[in-house]
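Quick notes on the structure that follows.
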Amino acid sequence: MIRKLLCSLLVLGAALLPIACGTSPATSGGDEANGGTDGAGAGGSGGGETSPGRPVEVPGAGSYARLGPAEFRSLAEDEGVVVVNTHVPFEGNLPSTDLSIPYDEIGRSLDRLPGDKSARIAVYCKSGRMSAEAAGELVALGYEDVVDLEGGMDAWQRAGLPLEGA
């Protein structure tokens, strides 16, 4: 009886673990080196457009998109995209970086960000943790077109892309 109960719990735990960790096939972001969206293109730029990538919901506020390195690179090169390094301490920049604002100072740095809440803002950090917090804060502040580099500068470098000033 106890053995059967333990086996049932083990099977249930194994089934729930990928869901709890966000790694089930339905939520997987695809291959990082190929853009994180199973080959989807980066699309155009400009305010109000739906960003490609894996959507991340911000409760009560909206969502932002997580992009792999290839998509992020393509988007960051577009005119009109504001690229923000949110990592502290400084460990380098991606090409096309416009601003460095620590992830925990986004809400106090509105004067440095576009006044137009539909402007596209692309954020990144070293590993993705700080920029994910910054992206969520931007969405909570009303920004409608926010993207985050999934895996941060670490994923960028694994994809063979260069950093500046590191």
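The values are calculated or read from the model by the stated rules, or taken from the named source; none is laboratory data. Keep in mind the model is a prediction, meaning the values are calculated, not measured. Methodologically, a virtual Cβ is constructed for each residue, glycine included, from the backbone with ideal geometry; neighbour enumeration extends over all protein chains shown.
For segment 78-90, name all the residues that are within 18 Å of the chain's Cα centre (by Cα) and at pLDDT 95 or above. Passing the criteria: V81, V82, V83, V84, N85, T86, H87, V88. Regarding T50, is this residue closer than 20 Å to G152 by Cβ, part of a loop (DSSP other than H, G, I, E, B), among the β-branched types (V, I, T) and modelled with pLDDT under 95? It is false that T50 is closer than 20 Å to G152 by Cβ, part of a loop (DSSP other than H, G, I, E, B), among the β-branched types (V, I, T) and modelled with pLDDT under 95. In summary, V81 fulfils each of the numbered conditions (1) among the aliphatic types (A, V, I, L, M); (2) surrounded by fewer than 15 Cβ atoms within 10 Å (Cβ to Cβ); (3) under 21 Å from L163 (Cα atoms) with the single exception of condition (2).
Looking at segment 129-143, which of its residues are touching a strand residue (DSSP E or B) at 6+ places or on another chain (Cβ under 7 Å) and not in a helix (DSSP H, G or I)? Y143, the sole residue that qualifies. Within the span defined as segment 77-93, every residue fails to be free of Cβ contacts under 8 Å to residues at least 40 places away in the same chain and under 26 Å from P59 (Cα atoms).
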